[in-house]
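Chemist: Have a look at this one.
No value in this document is a laboratory result; all are computed from the given coordinates. Here the structure is a predicted model, which is why all the values come from computation and not from measurement. No Cβ is skipped: glycine too gets one built from the backbone with ideal geometry, and neighbour counts run over all protein chains shown.
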Amino acid sequence: MTNDYYSVLQDADAVERLNESGELRRILKPYKSADACTICQVCGGYRLLPCSLCNGSKKSVHRNHFTTELVALKCMNCDEVGLVKCYAC
């Protein structure tokens, strides 16, 4: 926002007057985002999904090629709570 608008928006009473007169809508119109009005159909607006490799468990299970044992490794695809960023957002 420009400095002249910032000085107007400092005061709660001024904001209320601008809202009642319809001037606030005009001031904020250039900052309206279409993305803010829509919700992602994949993640529901959370912008995060459970990891598709470990299903959120943070452990990735791989078979040891030399024996029949399964080895649990830390999943390198997700963050510390088992989430990845939504691919659609």
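Chemist: Residue by residue, what Karplus-based ³J(HN,Hα) values in Hz, rounded to whole numbers, does segment 81-89 have, using 6.51, -1.76 and 1.60 with θ = phi - 60° and x for Gly and Pro?
Modeler: Those phi angles translate into 10, x, 10, 10, 5, 5, 6, 8, 7 Hz.
Chemist: For LYS58, list the lysines whose Cα falls under 20 Å from its own Cα; do not include residues on the same chain fewer than 8 positions away.
Modeler: Cross-link targets: LYS74, LYS85.
Chemist: Neighbour counts of other C-beta atoms within 10 Å: give me VAL81, VAL42 arranged from fewest to most.
Modeler: VAL81, VAL42
Chemist: Non-local amide H neighbours of CYS75 (under 5 Å, H modeled in plane, Pro and chain starts lacking H): which ones?
Modeler: Placed amide hydrogens put LYS59, SER60 under 5 Å from CYS75.
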